[in-house]
Amino acid sequence: MSRPDPGQAPPSNPPTVGYAALPPGLVGFDTTPLPFRMRRMRNWFFLGLLYAAYYLCRYNLSTVTPEISQEFGLNNAQTGWLSTGRDFGYAIGTFLNGLFADALGGKQSMAIGAAGTIVLNLAFGAFSHLFSLWDVAFLLTGFIVIRTIDGYAQSFGSPGMVKINTAWFRRRERGRFAGIFGGMIQLGMVGVNQMSAILLTGVLTVGGVVLFNFGKQDWRIMFIAPPLILAVITVLMWLNVKNHPEQTGWRVQHDDEVGRENLDKTKLPLWQVFNTIAANPLVWVNAGAYMCTGFVRRAYDFWWAKYMFDQWSVGKGSWHFVILGFTLPIAGFVGSFMSGLISDNFCKSRRSPVATGLYFIETLVILAAVLVLGHSNWGSAWVAVGFLTLISLTVNSSHSIIGTAVAMDIGGRQMAGFALGIINSFQYVGAIAAGFLLGALIDWYGNWDALFLAMLPFSILGTLLMLGTWIFTRGKNIRGA
């Protein structure tokens, strides 16, 4: 298959990428042409790198909640408002910006979001410095407003990412690549965890050996370094990523597009996108399950550093913090990738059977955490590390399979942005509750057992919703089931 000259415009009828015939549900080695695979890998590498950098500017707050709480005397409910504000902005934004991503293009959507979060992260650090001596109520209000707007800006990212990848990957590949992207996202969490440990202790160590000792930094450095890194990566993304394979001289024939060769040139009216996606009942069932994922995911990823500090006296210089900084995202990557692989290879690209199993296992893990950490003599900091890691494994698996693969399956390349927008907005409804409401519950309950107890009903509900989807769609070839 000949390739066009890179200096020329893509041909009007680009070569279609072929796939070898495979038994139903089985995904073998990629038989697409090597030049296409290399161009696609370049596309998703810089796209994934950008989304990982988004996470540098998202999870920087959770790593410094102990320092912020101590400096300004915030209780858990007040600290939780910082998370709730951002998640409220994200919930509204991801619903609206899914439509915008379908209209503007995924690349453009992600660039807009990156620019916004760069400015707002810098503003958060500057605001806390300029008004550090002002009344706490004024400071807290300012923090919440900035994080809420930042949440809206960051919500341009996921619809844009899903929009682009839906065009580049066929349905039978999306589970695996949802897992791969889930892994690249976890790079952002690894980066921000290790960055905070290094900068806030002022020491870089490898294997217990001190390589550099440059002095302990103020927590505000975590709102300067991440946005600067994001700015560089945004430029690299803009120079390397294309919205559609047709823009590089290739075409992917999708299962639901046979006989329709120019979808990359056709943009559906927003009302048609809205009506089509909103009328699909599977969108709302998956959105409900994703709300449950959102609560559990935010409960552990926002509160883990403060939980370990308050409950087990684990600071950033301890091995517990360093190891959790690696195991939480690594477990998230393993879970994301394996769930997609199992869905594509053994479930004929069906998502609900895998999601049901994941929610059920998550429920057992959380129940065990409640009993062992809060009601036995076996609880310890290291046992807490283990349970938090297992929760990360299970919740990020369902996060990947529902939030990415299902949205791509339901929406297709023309409507994936809004499908993701609806489903993802519900995730942040759950996340909102895991902010100030969970913080207030922990304060009221009087100890950190409330953290795990609050996760349990959401995990059970997620299990029931996915089990119902699996049962009612069994034996049917329905996208998004």
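Which whole-number percentage describes the relative contact order of the chain, with Cα contacts under 8 Å and a sequence gap of 6 or more?
Computed value for the chain: 28 percent relative contact order.
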Provide, for q = 0.12, 0.13, 0.21, 0.22 Å⁻¹, the log10 of I(q)/I(0) from a solvent-free Debye sum over equal Cα point scatterers in region 35-147. -0.53, -0.61, -1.19, -1.27
Once you sort the root eigenvalues of the Cα gyration tensor of region 209-248 as a ≥ b ≥ c, which label holds: rounded (a/c under 1.5), prolate (a/b larger than b/c) or oblate (the other case)? prolate
With bins of 20 Å, the percent of all Cα-Cα pairs of the chain per bin from 0 is 25, 57, 18, 1
The exposure ranking of Ile323, Ile224, Ile402, Ile471, fewest beta-carbon neighbours within 10 Å first, is Ile471, Ile323, Ile224, Ile402
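What size of dipole, in debye to the nearest 20, comes out for the chain about its Cα centre when the only charges are +1 on Lys and Arg C-beta atoms and -1 on Asp and Glu C-beta atoms? Don't skip to the answer; put the middle values down first.
Numbers: 33 positive and 23 negative charges, 271 e Å.
With only Lys, Arg, Asp and Glu charged at Cβ, the dipole is about 1300 debye.
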Approximate spin-label separation Phe131-Val145, in nm, with each point projected 7 Å along Cα-to-Cβ: 0.6
Starting from the eigenvalues of the Cα gyration tensor, five times each then square-rooted, give me the equivalent ellipsoid semi-axes of region 360-433, largest first, whole Å. 34, 12, 9
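Please arrange Asp218, Asp150 by how many other C-beta atoms lie within 10 Å of their C-beta, fewest to most. Provide the component values of the computation, followed by the final result.
On the way: Asp218 15, Asp150 27.
Lowest to highest Cβ neighbour count: Asp218, Asp150.
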Classify region 427-481: rounded, prolate or oblate, from the alpha-carbon gyration tensor (a ≥ b ≥ c, eigenvalue square roots; a/c under 1.5 rounded; otherwise prolate if a/b is larger than b/c)? prolate
Thr205's amide H: which non-local residues (gap 5+, or another chain) put their own amide H closer than 5 Å, with H modeled 1.01 Å from N in plane and none for Pro or chain starts? Leu211
Given charges at Cβ of Lys, Arg, Asp, Glu: the chain dipole, positive-most of Ile146, Ala440, Gln78: Ile146
Give the order of Met466, Met38 when sorted by the count of other beta carbons within 10 angstrom, beginning with the fewest. Met38, Met466
Given 158-166, 366-374, the highest-first ranking by average Cβ count within 10 Å works out to 158-166, 366-374
Distances over 16 Å make up what percent of all Cα-Cα pairs in region 382-474? 67
Would you list the membrane-span-like helices of the chain, meaning whole DSSP H runs whose alpha-carbon atoms span at least 24 Å along their axis and whose mean Kyte-Doolittle value is at least 1.6? 352-375, 449-473
Calculate the spin-label point distance for Ala279 paired with Trp382, positioning each point 7 Å from the Cα along the beta-carbon direction, and give it in nanometres. 6.0
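Bear in mind these aren't lab numbers, they're just calculated from the coordinates by the rules spelled out. The structure displayed is predicted, hence computed values, not measured ones. Positions of Cβ are backbone-derived with ideal geometry, glycine not excepted, and every protein chain shown enters the neighbour counts.
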